[in-house]
1. Arrange the peptides 119-125, 92-98 so that the one whose residues have, on average, the most other Cβ atoms within 10 Å appears first.
2. Provide the percentage of antiparallel DSSP beta bridges, counting only those with both residues in the chain; round to the nearest 5.
3. Skip the ligands, DNA and RNA, and give the accessible area per residue of the chain with a 1.4 Å probe, whole Å².
4. Through the Karplus equation 6.51 cos²θ - 1.76 cosθ + 1.60, θ set to phi - 60°, convert the phi angles of the stretch 213-227 into ³J(HN,Hα) values in whole Hz; use x for Gly and Pro.
5. Among 246-253, 204-211, 144-151, what's the highest-first ranking by average C-beta atoms within 10 angstrom per residue?
6. Per-residue accessible area for residue 48 at 1.4 Å probe radius, Å² rounded to 10?
7. Could you sort out which of 50/166; 160/299; 50/128; 254/281; 179/254 sit more than 30 Å apart by Cα distance in this structure?
8. Just report the Cα centroid separation between the stretch 213-278 and the stretch 113-183, whole Å.
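The values are calculated or read from the model by the stated rules, or taken from the named source; none is laboratory data. It should be emphasised that the depicted structure is a prediction, and the values quoted were computed from it without experimental measurement. FYI the Cβ positions are ideal-geometry reconstructions off the backbone, even for glycines, and counts take in every protein chain you see. Protein only, heavy atoms only, side chains kept; ligands, DNA and RNA dropped before computing areas. Shrake-Rupley method; radii C 1.70, N 1.55, O 1.52, S 1.80 Å.
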Amino acid sequence: MKKLVMIAIFCLLVLVTAACSSGTGGKKTASESDPIVIKFSHVTSIDSVKGKAAERFAELVAEKTGGKAKVEVYPSSQLYGDNDELDALVSGNVHMIAPSVTKMVKLDPRWQYVDMPFLFNDQKHAQKFFESDVAKTLLNSDKLASNDIMGLAFWENGFKHFTNNKRPLQKPEDFAGLKFRAQAGKVLEAQFKALGAGSATIAFGETYAALQQGTVDGQENTYNNIDTQKYQEVQKYMTLSEHGRLDYAVFVNKPFWEKMPDDIRVQVEEALKEATELEWKLAAEENAASLENIKNSGKVEILSLTDEERAALAEVLQPVYDEFSEVITPEIIDGIRNLK
């Protein structure tokens with residue numbers, strides 16, 4: 001009898017083992033085979049420079065990791081808007097964002113460098129900064145790390161230029177009494193105050209109507225933003241001033257990033273490097289094409305600044321440096337200047 005019981009137990013164990021094996025087919029479990037998902041949220045359209053670079057980044061990650069990592073891109077504020085995406089990154093609800101760098105001011109006031117007037121000489125100077133140790137100081141700061149954020153790369157938008165409806169802007173006194181739409185920020189308030197002008201914080205999407213209705217006389221923006229928002233339809237003059245910049249940076253949730261297997265993280269970094277080079281190239285091409293579109297519209301008088309006029313404007317704007325140099329720190333401001 002004992003022998004029969006032992007045989008029965010043995011047969012039962014064999015059946016259970018076979019059933020378990022047939023259930024998995026000898027394959028890896030879902031937790032072993034599922035790809036690492038990187039949720040990338042941004043606020044611009046899929047056809048924007050940022051949108052195209054993000055999509056290419058996703059393609060490159062899939063290629064380089066052999067599908068072990070997957071980037072899910074959510075453009076056009078599908079998940080989070082401009083005012084929410086930073087909090088979403090900190091909480092881990094998304095893993096990657098690429099906001100305008102001015103959004104980081106609430107965590108680290110040094111990011112106001114981007115609004116400092118005439119800090120950058122030209123395009124080459126800006127790109128030297130993007131790849132410099134000065135840039136890494138901002139991207140890898142303790143202030144970001146303490147909020148579980150890490151910066152990975154700078155993505156370009158471009159130089160800002162003045163437009164307005166009242167008169168050509170070439171000398172400091174030309175700005176007196178005018179009112180400009182501006183992004184929020186104390187540096188920009190100080191900039192227009194130094195020029196004897198006023199400023200108003202108006203949402204990007206509402207700027208065209210504000211210019212059309214005369215709520216403000218002018219604004220500052222990149223060629224591509226001016227063109228795609230059709231400001232040339234409601235502005236008479238554009239000064240090619242290159243006085244400030246609008247740029248993005250790519251940030252990740254630090255705990256998520258550091259938990260990623262080393263080999264996968266290296267491949268994702270390689271993909272981001274290639275996508276960043278593409279973004280820079282597209283930004284330059286789009287801005288050049290937009291300038292031609294604005295010129296060809298025939299609706300705006302376009303003015304260039306001489307070296308003397310640029311120097312005169314920079315001199316009048318010196319109080320902005322007097323006020324904010326210590327906040328942004330000489331390390332950042334002088335570091336950028338010395339990259340020339």
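1. Values: 119-125: 16.1, 92-98: 21.4.
Highest-to-lowest ranking by the protection proxy: 92-98, 119-125.
2. On the way: 20 of 38 bridges.
Among the beta bridges of the chain, antiparallel pairing accounts for roughly 55 percent.
3. Numbers: 16580 Å² over 340 residues.
Spelled out: the 1.4 Å probe surface of the chain, per residue, equals 49 Å².
4. 8, x, 4, 10, 8, x, 7, 10, 6, 6, 3, 5, 5, 4, 5
5. Final packing ranking: 246-253, 144-151, 204-211.
6. 30
7. Table pairs above 30 Å Cα-Cα are 50/166; 179/254.
8. Each part's Cα centre sits 10 Å from the other's.
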